[in-house]
Structure formats: structure tokens, C-alpha cells
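Take a look at the structure set out below.
The values are calculated or read from the model by the stated rules, or taken from the named source; none is laboratory data. Model, not experiment: these values are computed from the prediction. As a convention, Cβ positions derive from the backbone with ideal geometry for all residues, glycine included, and neighbour counts pool all protein chains shown. Calculation scope for accessible area: heavy atoms of the full protein, side chains included, ligands and nucleic acids excluded. Shrake-Rupley method; radii C 1.70, N 1.55, O 1.52, S 1.80 Å.
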Amino acid sequence: MDNELWMILLPIILLPVFFAMGWFAARVDMKTVLKQAKSIPAGFYRSLDALVDRNSGRAARELAEVIDQQPQSYELNLTLGKLYRQRGENDKAINMHQALLESPDTVNEKRERVLFELAENYQNAGLVDRAEQIFLGLQDGDMAREARQHLMSIYQQDRDWEKAIELAQLLSHEEQTYQFEIAQFYCELAQTALFKSNFDVARYNVQKALEANKKCTRANMILGDIEFKQGNFAAAVDAYSAIEQQNHAYLSMVGEKLYDAYAAQGKKEEGLNQLIGYMQTFPDLDLINVIYEKSLLLKGETEAAQTAVELVRQKPDLSGVYRLLGLKLSDMNPTWKADADMMRSVIGRQLQKSVMYRCRNCHFKSQVFFWHCPACNKWETFTPNKIEV
Ligand SMILES: [Zn+2]
């Protein structure tokens, strides 16, 4: 019984001792920290403070002064060079990193790190060939992955799609497969071949794009264009229609082409019905204009207007209302007509400003669709239909 009591009491009795030990340990640690802090020059903190204030100019000046006192500091030299680059002072960044590279202490991983920074400086300064040479040389070391990512971006910029594919394949791993990018690079090759009417090469690259990403709608669009250009209109219809299974949102991009491929086989009505069917199933598709125009040709004004009005009512939006007012204008009471016309032009102006394609990644807006976002350089991030932004 006595023993058990001691087992309970002992920790309680020793509690103040534990507290004292903790307090002592903390004091010793704080002393070490303060000692270390005193050995860091005040300019370092001023530079850090300037960075927090987003004043990179002041940060660079303060850091440069610290380096004057401690010229051997590898990390600080590396960082100051990066800071210069970030500020667009590429010459200073290149000189800084070049000098660091020549230091006898810059060996092994340190050397690779500096070379990588130097290559980035060259890339920023537009000296892409020099950057490429350095990145190529870094492919066997610790910086291989980062170097290859930069190489891939250089080859995309140069529109050297074969090399971009090679790099994307090297970079591919389980978590990031680059299948979107690889498919798009093959599509770029296919598109170029199609422009030159080089159909076999175009077909080969479309196939490779679909192997990389079977949901690549762009590959099917190009395949449809190849078939159309070669006069295989039924095959063109099949290629365009297959987009419904891949990602129906892209169907509006082939609406007119699909109709033309039907029309070339003497099946205009079938083509029109397919487009109307798409819009009834997927009201977000931007197909109303092509449906109205083709209906007008095939069935005349009354029926075309009726079809368009029904589709607008199904999913009213700004462009639908604009079209609706245009259709209703001729039947309107003269007292209303002028005002309705005025409303329509107000909506038309608004439409120009606020209905656009938008990058889902960086929210860049444009009246033109891009497969490759010019702002963030990502692929397939644009909405395939114009949206209210
Ligand atoms: Zn973007």
C-alpha cells in the first residue's frame, strides 16, 4: 500500500523540479539564440524588413552592404543575385552569380545551384541559347528536374515541339504525368502538318496525341479537319461527334464544321438537328448563332426565330437576350421599338465587355480562345465557351 502511495505522490513532489529544468533549458536556448542573433549583421534584418515591405530595391542595397562585410557568404551572394534578377537587373544578377561560380569554395551541389541561377538569369535576359546550354549540362545532377522544367518551357517558347515532348516524357512520373501537355504538343505538330496538307504526318501526330490523352478534344478537332480536307465527310462527322464523349463543352468549337461535314454529304437537316440536340442536352454550349444561321438558310425566318427563341428561353443569358431582342424587334409595337432597339445596343456593348473566354488557372480574359494561356503558360485552361466574367 505504501509503495503504491509513493508511486502516486512522487511525480507530484517532483513537479516543481521538472518545471525548474524546463525553465532552465529554455533560458539556455534563448541565450544561444540571442548570441547567434547578435552575430547576424543588422543590415540583414533591414533587408528582410524591406522585403516584407515589398521594397526589393532597398532589400538589395542592404544585402549588398552586408555582403561587403562578409564577401564569402555563399547563401547571401546567391540570394542577392536572385533579388537582382527579380528586379529585372539581369546584368547585375549575371555578374553576381558568375563571380560566385569562380570562387574556389563553389563546388559540387553548390556549383550546380549557382549554374542553375545563372541559367535563369540568361533566360530572363533573353539569352536563351546560353541558358539552354547550362540547363542541358545540369540534367545529370541534383538540379535535373528543375533544369528540365526550364528546358521544357524554353522549347515551348521556341515552338520546338519534338524537344518539348522529349522533355515532358523525361519529367513524367506517377504524380505528374504531363499527359495534357504531351497531347497538346503532338496537336501542335499535327496542326502544322495539316496547314502544309501533309496528311500522313498530321494523322500520325493526332494518333500520338490521343495515345497520350484519350480525352484530348483538340486531337479530334484536327482529325475532323484532316478528314474534311481529304473529302472523307462521314469520317469528319464521326471525329467531331466523338468530342461529345471526351468533353461535351468543346462541342461549340466544332458546331459549324460539323454542320458543313453533314452538308457536304447532302444531309444539312441532319446536321442542324444534331446541333439543336446538343444545345437541348447541354444548354451551356455556345451554338445558338450557328443554329440560327443554318435554320434561316434551311427553314426560313419564322422557324429559325422560333427555334432560337426556344433555345434562349431554355437558358436565358446576356447573349441570348441580345439575340432575342433582335428577333422580336420586327414584330414590335412602334412605341416600343425604339426603346427595345436602345436596350439591345446597351446589351450589345455590355456583351463585348463582359462575355469572354477566361483562363481557369489565372483568370486571364480574352475575346479569342487559346489552347495555351498567354498569361500563365498553362495548356487547356481556357473555358471552351464564352462566359459572363
Ligand atoms: Zn492562364
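A few points about this structure:
- Cα shape, the stretch 127-202, gyration tensor, a/c 1.5 rule: oblate
- The stretch 134-255: C-alpha gyration tensor shape, a/c 1.5 cut-off, then a/b vs b/c: prolate
- Across K267/K294; K163/K208; K294/K353; K82/K110; K163/K229, pairs whose alpha-carbon gap is larger than 18 Å: K294/K353; K163/K229
- Neighbourhood net charge (15 Å Cβ-Cβ; Lys/Arg +1, Asp/Glu -1) for M343: +3
- Backbone N atoms of the stretch 115-157 closer than 15 Å to the 7 Å Cα→Cβ label point of H372 belong to residues 150-157.
- Expressed as a whole percent, the accessible area of the chain that falls on carbon and sulfur atoms is 53 (1.4 Å probe).
- Applying the Karplus relation 6.51 cos²θ - 1.76 cosθ + 1.60 with θ = phi - 60° to the stretch 279-290 yields 3J(HN,Hα) values of 5, 5, 7, 10, x, 6, 5, 9, 10, 4, 5, 5 Hz, where x marks Gly and Pro.
- Coupling constants for the stretch 105-120 follow from the phi torsions by the Karplus curve (6.51 cos²θ - 1.76 cosθ + 1.60, θ = phi - 60°), and in residue order they are 7, 7, 10, 6, 4, 4, 5, 4, 4, 5, 4, 4, 5, 4, 4, 5 Hz; glycine and proline get x.
- Eigenvalues of the alpha-carbon gyration tensor of the chain, scaled by 5 and square-rooted, set the equivalent ellipsoid semi-axes at 60, 32, 25 angstrom, largest first.
- The distance separating the Cα centre of the stretch 188-203 from that of the stretch 331-382 comes to 32 Å.
- Between the listed residues A119, F135, H97, the Cα displaced farthest toward the positive end of the dipole of the stretch 76-201, a dipole computed from Cβ unit charges relative to the Cα centre, is found at H97.
- Charge context of H372, other residues only, Cβ under 9 angstrom, K/R +1, D/E -1: -1
- Among residues other than I165 with Cβ under 14 Å from its Cβ, the summed charge is -3 (Lys and Arg +1, Asp and Glu -1).
- Within the stretch 263-389, all pairs of alpha-carbon atoms sorted by distance into 5 Å bins from zero give the percentages 2, 10, 17, 17, 17, 15, 12, 7, 3, 1, 0.
- Projecting the Cα atoms of P316, A340, I243 onto the dipole axis of the chain, where Lys and Arg carry +1 and Asp and Glu carry -1 at the beta carbon, places A340 farthest toward the positive end.
- Counting only residues at least eight positions apart within a chain, or on another chain, the aspartates and glutamates with an alpha carbon under 18 Å from that of K215 are E181, E188, D225, D238, E244, E380.
- Shape category assigned to the stretch 270-327 from the gyration tensor of Cα positions, a/c cut at 1.5: oblate
- Relative contact order [Cα under 8 Å, 6+ residues apart], the chain, whole percent: 6
- In plain terms, if you count all Cα to Cα distances in the stretch 203-275 and split them into 10 Å steps from zero, the share in each step is 23, 54, 21, 2 percent.
- Taking each DSSP H run with n ≥ 4 as -39500 (n - 2.57) and averaging over every residue of the chain yields -23000 deg cm²/dmol at 222 nm.
- Computed lengthening from N232 to V346, 0.36 nm per intervening residue step minus Cα-Cα distance: 36.6 nm
- Computed on the Cα atoms alone, the convex hull of the stretch 39-157 gives a volume of 111 cubic angstrom per residue.
- The charge dipole of the chain, taken about the Cα centre with unit charges on the Cβ atoms of Lys, Arg (+1) and Asp, Glu (-1), comes to about 1040 debye, rounded to the nearest 20.
- Dipole moment magnitude, nearest 20 debye, the stretch 97-159 about Cα centre, only Lys, Arg, Asp, Glu C-beta charged: 140
- In sequence order, the stretch 235-249 has phi-based couplings of 5, 5, 4, 4, 5, 5, 5, 5, 4, 4, 6, 7, 6, 4, 4 Hz under the Karplus curve 6.51 cos²θ - 1.76 cosθ + 1.60, θ = phi - 60°, and Gly or Pro positions carry x.
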